[in-house]
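**Student:** Below is the structure I would like to discuss, written out as structure tokens.
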Amino acid sequence: MSGFINSNRGNMEREHLLDGTEEDSEEDLKRTPVNAPTRSLNKEYIIYKERWYILGIFSALALLYLCNWNTWGPIQDTASEVLQWGPGQFALLANWGPISFLTSAFFFSWLLHAKGLRISVLISGGLLFIGCGIRCIPVSIAMMKWTMNIGHIFIGLSGPVLMAAVTSISATWFPTNERTTATALSATSPYLGLAASFVIGPAIVTEIHSPTTGSPLTTSSGNYSDEYYIDDEIQEHLQEIRKLMYVEFGAVAVVCLVALIRFPAKPATPPTASAVTERQDMRTGIIALVKKESFWIPAIAYACITGVFYGWTSQLGAIFSDKVDQTTSGWMGFYTNLASLVGGAVTGRCADYFTGKMKPILLFLIVTSSVALTVAILLVNDYIPFNLAWLYVTVILFGLFLNSTIPLFLEITVEGTFPIGEETTTIMMTMLNNVTTLGFLVLPMVPSIVDFAWLNWVMLGSVVICIPLMLFYREHYNRLDFDGSHPANDENSPDI
């Protein structure tokens, strides 16, 4: 009978946490008893070394997702000549990422909550594998438009889990003093994929030069009715494009196989009290989220910054085409995204060290990134004398500071919305992110838009608007407070 009463009391407390004010939530978290149903019966928490393997495999899949999503941006100049596609077609391929994300996000949020990390990650990895495989089908140039679009739809469907489960990984496997670091590594690892796409693409698909002699175009499956005489150099570049598809598919296949062999849903013993705290189902969590100021302010700021940045990066070659060639913009994108990875990891570690200080760190990063982008815009528009070295420096610093905000936005939001599930909060944030990405990428599909340089101003505006948003935001660290009030028996959890 006492167990039934305690169970009902625990359920009432969790409902109150979701429906009450921010102040009430914090007080309730502090009052939650150690033996409440949201608490593991085992008071000893164990930190497994395998957590780094889990983080590595997940990060590799997320990296490959964004690398394949951005296949076409770095090689757009050559691909447009070979395939005779306009800017709108390349923008559509990039748009399948946010379109697929938005149409499937709620399903994958449910899947993460109901089936756990292993099933969700394997399904997403399988979708990525299928999408990349479809792009490798040897068809004529006319049919490539179909295979590439269908492939990118499947690639986009893998995005909700691979982009939004980062906080679930850190909450499930990592202790409190490593959670932001883990989120930072997995959330910024896709930028290594973006960086790789800017190098791998131009390295395999070289820039096109003047036409040479002509010969008939065929495929491995024979002559097609749409066969026509094509320049030898263009045919060579077509084979390079296909080679790029094979390379990216092979990398995805290897990582998916490793994940299939070993990727447990959770550790045998949790690392923290909050790791085993019962989360609300997706529907209840979403209803609670829309009422929370602690969700909307950082989520909107996150969407403005990262959503537009994804679109801006995918069009980097077109945006800077008046000043730099395809190869140069590719290396610029590589270093920018590599800096994002390093900056995110360093910032995440700093946030773990300076516990409860995410807001001032975020404000510093937003302001410095806006200054760096302003200088870059002044350079490319000749308001100040153009210098390629300075353009490199300012664009790289912009990516470094801007993308260092990503893990902090994710962590500060899930902290403020706890005990709503991390997967629900992060899926909602990344949905907003994809809405802004989609809006940004629709612009290049408008035929009348020829000059892309003004998109830099859109990027700058999306960063600057986040400064007043975060100034008025009040931090809440509900999950951290909960873990602090439910310590393990030992001061230090064993690491095995």
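**Student:** State which residue is farthest from the chain's Cα centre (by Cα) when the search covers only segment 266-313 and only residues that are under 25 Å from Pro175 (Cβ atoms) and among the polar types (S, T, N, Q).
**Tutor:** Thr269
**Student:** Pick out the one residue from Thr103, Thr71 that is under 23 Å from the mean Cα position of the chain (by Cα) and not in a helix (DSSP H, G or I). Break it down into steps so the answer makes sense when it comes.
**Tutor:** On the way: Thr103 fails: not in a helix (DSSP H, G or I).
Result of the check over Thr103, Thr71: Thr71.
**Student:** Something else: Give Ala273, Ala299 a once-over and let me know the one that is hydrophobic (A, V, I, L, M, F, W, C) and over 29 Å from Asn95 (Cβ atoms).
**Tutor:** Working: Ala299 fails: over 29 Å from Asn95 (Cβ atoms).
None of the other options fit; the residue is Ala273.
**Student:** To continue, here is another question. What do you reckon, is Gly133 surrounded by fewer than 23 Cβ atoms within 10 Å (Cβ to Cβ) and modelled with pLDDT under 90?
**Tutor:** Numbers: surrounded by fewer than 23 Cβ atoms within 10 Å (Cβ to Cβ): yes; modelled with pLDDT under 90: no.
It is false that Gly133 is surrounded by fewer than 23 Cβ atoms within 10 Å (Cβ to Cβ) and modelled with pLDDT under 90.
Here is a yes/no grid of residues against (1) of a type in the set (Gly, Ala, Ser); (2) within 24 Å of Gly201 (Cα to Cα); (3) buried (at least 17 other Cβ atoms within 10 Å of the Cβ):
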{"residue": "Asp325", "(1), (2), (3)": "no, yes, no"}
{"residue": "Gly333", "(1), (2), (3)": "yes, yes, yes"}
{"residue": "Asp352", "(1), (2), (3)": "no, no, yes"}
{"residue": "Lys359", "(1), (2), (3)": "no, no, no"}
{"residue": "Phe364", "(1), (2), (3)": "no, no, no"}
{"residue": "Ser370", "(1), (2), (3)": "yes, no, yes"}
{"residue": "Pro385", "(1), (2), (3)": "no, no, no"}
{"residue": "Ile406", "(1), (2), (3)": "no, no, yes"}
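**Student:** If you don't mind, there's one more thing I want to ask. Within 25 Å of Thr167 (Cα to Cα), modelled with pLDDT of 75 or more and in contact with a Pro (Cβ under 8 Å, 6 or more places away or on another chain): which single residue out of Thr313, Thr306, Thr272 fits that description?
**Tutor:** Numbers: Thr313 fails: in contact with a Pro (Cβ under 8 Å, 6 or more places away or on another chain); Thr306 fails: in contact with a Pro (Cβ under 8 Å, 6 or more places away or on another chain).
After applying the criteria, what remains is Thr272.
**Student:** Pairs please, first residue from segment 447-460 and surrounded by 18 or more Cβ atoms within 10 Å (Cβ to Cβ), second anywhere and part of a helix (DSSP H, G or I) and modelled with pLDDT under 70, Cβ atoms under 9 Å, 6+ apart in sequence or on different chains.
**Tutor:** What qualifies is Phe452/Leu443; Phe452/Pro444; Leu455/Leu443; Leu455/Pro444.
**Student:** Looking at Ile420, is it outside any helix (DSSP H, G or I), within 21 Å of the chain's Cα centre (by Cα), crowded, with 21+ Cβ neighbours inside 10 Å and modelled with pLDDT under 90? Don't jump to the end; show me each part of the working.
**Tutor:** Details: outside any helix (DSSP H, G or I): yes; within 21 Å of the chain's Cα centre (by Cα): yes; crowded, with 21+ Cβ neighbours inside 10 Å: yes; modelled with pLDDT under 90: yes.
Answer is yes for this residue.
**Student:** Let me ask something else. Hey, could you check segment 241-272 for residues that are charged (D, E, K, R) and within 26 Å of Ser140 (Cβ to Cβ) and say which is surrounded by the fewest Cβ atoms within 10 Å (Cβ to Cβ)?
**Tutor:** First, pick out the residues of segment 241-272 that are charged (D, E, K, R): 242-243, 248, 262, 266.
Next, only the ones that are within 26 Å of Ser140 (Cβ to Cβ) stay: 242-243, 248.
Working: Arg242: 19, Lys243: 12, Glu248: 23.
The residue in question is Lys243.
The values are calculated or read from the model by the stated rules, or taken from the named source; none is laboratory data. These figures come from a predicted structure and were not determined experimentally. Note that each Cβ is placed from the backbone with ideal geometry, even for glycine, and that neighbours are counted across all protein chains shown.
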